[in-house]
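Just below is one structure, and these are the notes that go with it.
The values are calculated or read from the model by the stated rules, or taken from the named source; none is laboratory data. Source: prediction; values computed, not measured. All Cβ positions, glycine included, derive from the backbone under ideal geometry; neighbour counts span all protein chains shown. To get the accessible areas, we keep the full protein, side chains included, count just its heavy atoms, and leave off ligands, DNA and RNA. Shrake-Rupley method; radii C 1.70, N 1.55, O 1.52, S 1.80 Å.
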Amino acid sequence: MSLRNFILGLAASFGLAWLCLVIIPFVKMRNLAPIQFNKDLDGAEGVFYPKRGGRIANGARVYGENGCYLCHTQLVRPTYAGQDMHRPDMGGLQNDPQRGDTRRETNAYDFEGERFAQIGSARIGPDLSNVARRFEAAAAVKGDDNLEAAFYAHLYDPRLKPEQAKAICPSHKYMFDEIEVKGQRPDEAMPFGETETTVLVPDADARALVSYLLSMKKDQPVPAALNFPFAGDKQPSAK
Ligand code: HEC
């Protein structure tokens, strides 16, 4: 084989991979057209728009900068590619007290407002697509609804609780400032890590990140046009 053919072949195979894996998905997902609910199929009307509140863009930046995506995915896979829909509380709650079964797969709209879809590169820790729902459910069981504090405590030190002494999620103590208390205790003081004279307050990055984590409950119903119902009696019949 001549060197020229070799180079051309190499260029063609890289070019094809580049086209299929990068260019085509980019063009398809760059401008997502709004998807309508269908009254007959979905029992709902209007445009689908994933509801998320909080500092999404800033939080996503902090999430990326700290490499959370190296160990955490944000991808509830379709069942042909994995068991996510059947693992308790990963794809949504199986028994949401108000709405019943809210599990669903991730779709491109879930990353609206973020610069990158941080689907993650490995699943060393749990998938975080619905981490806020899981924290809510756990808090409800304990009768404690301070979700923010639970997330801050995890960020500060995932090993704070004795039952999590072996957790391997890294601590992010540098996102907290130790400030001296003179007189009244500041409102934003954390319920952990205080000494007689100092308390911990989260910095701007920690606040943005926790706000982002609190927005991670991507289990609203999606139009049938976007998601195949997956489980039990909702499964599309094999024709
Ligand atoms: C080295 C891998 C690694 C990195 C990096 C990492 N985590 Fe984790 N994370 C884990 C593991 C593993 C767990 C499961 C519990 C444990 O062992 O700590 C976890 C658990 C969690 C949980 C609790 C999830 C649940 O369902 O209870 C949250 C929230 C979380 N991590 C957030 C983050 C955030 C935010 C970042 C980035 C600032 C991050 N993690 C970076 C490995 C990691």
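Below, the figures for the structure above:
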{"quantity": "Segment 174-187, subset open to solvent by less than 80 Å² (accessible area, probe 1.4 Å) and farther than 18 Å from residue 212 by Cα, residue nearest to the chain's Cα centre (by Cα)", "calculated": "177"}
{"quantity": "Positions within segment 123-152 being of a type outside the set (A, V, I, L, M, F, W, C), free of Cβ contacts under 8 Å to residues at least 60 places away in the same chain and open to solvent by less than 20 Å² (accessible area, probe 1.4 Å), in sequence order", "calculated": "125, 127, 152"}
{"quantity": "Helices (runs of 4 or more DSSP H) (entirely within segment 1-118) containing at least 2 residues that are under 26 Å from residue 137 (Cα atoms) and in contact with an Asp or Glu (Cβ under 7 Å, 6 or more places away or on another chain)", "calculated": "56-65"}
{"quantity": "Residue match in segment 141-149 (condition: within 24 Å of residue 52 (Cβ to Cβ), within 14 Å of the ligand (Cβ to nearest atom) and small (Gly, Ala, Ser))", "calculated": "yes"}
{"quantity": "Residue 207 vs. criteria closer than 27 Å to residue 85 by Cβ, among the basic types (Lys, Arg) and either at pLDDT 95 or above or within 13 Å of the ligand (Cβ to nearest atom) (or both)", "calculated": "no"}
{"quantity": "Cross-chain or 6+ apart pairs with Cβ under 7 Å, segment 194-208 first and without any contact (Cβ under 8 Å) to a residue 24 or more places away in the chain, then crowded, with 20+ Cβ neighbours inside 10 Å and not aromatic (Phe, Trp, Tyr)", "calculated": "194/200"}
{"quantity": "For residue 36: the one exception among (1) touching a residue at least 60 places away in the same chain (Cβ under 8 Å); (2) open to solvent by less than 80 Å² (accessible area, probe 1.4 Å)", "calculated": "(2)"}
{"quantity": "Test: residue in segment 174-182 that is among the aromatic types (Phe, Trp, Tyr) and either part of a strand (DSSP E or B) or more than 12 Å from the ligand (Cβ to nearest atom) (or both)", "calculated": "yes"}
{"quantity": "Residue 22 open to solvent by 50 Å² or more (accessible area, probe 1.4 Å) and β-branched (Val, Ile, Thr)", "calculated": "yes"}
{"quantity": "Filter result for the condition that a residue is among the acidic types (Asp, Glu) and modelled with pLDDT under 90, over 84, 157, 127", "calculated": "84"}
{"quantity": "Selection within segment 160-173 - near the ligand (Cβ under 10 Å from one of its atoms), modelled with pLDDT of 90 or more and surrounded by 11 or more Cβ atoms within 10 Å (Cβ to Cβ)", "calculated": "167, 169, 170, 171, 172"}
{"quantity": "Residues within segment 49-95 that are β-branched (Val, Ile, Thr) and either open to solvent by 80 Å² or more (accessible area, probe 1.4 Å) or farther than 13 Å from residue 129 by Cα (or both), tallied", "calculated": "3"}
{"quantity": "Qualifying residue in segment 96-117 (condition: at pLDDT 90 or above, farther than 21 Å from residue 61 by Cβ, open to solvent by 70 Å² or more (accessible area, probe 1.4 Å) and of a type in the set (Lys, Arg))", "calculated": "no"}
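Residues checked against (1) of a type in the set (A, V, I, L, M); (2) free of Cβ contacts under 8 Å to residues at least 40 places away in the same chain:
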{"position": "20", "(1), (2)": "no, yes"}
{"position": "25", "(1), (2)": "no, yes"}
{"position": "44", "(1), (2)": "yes, no"}
{"position": "55", "(1), (2)": "no, no"}
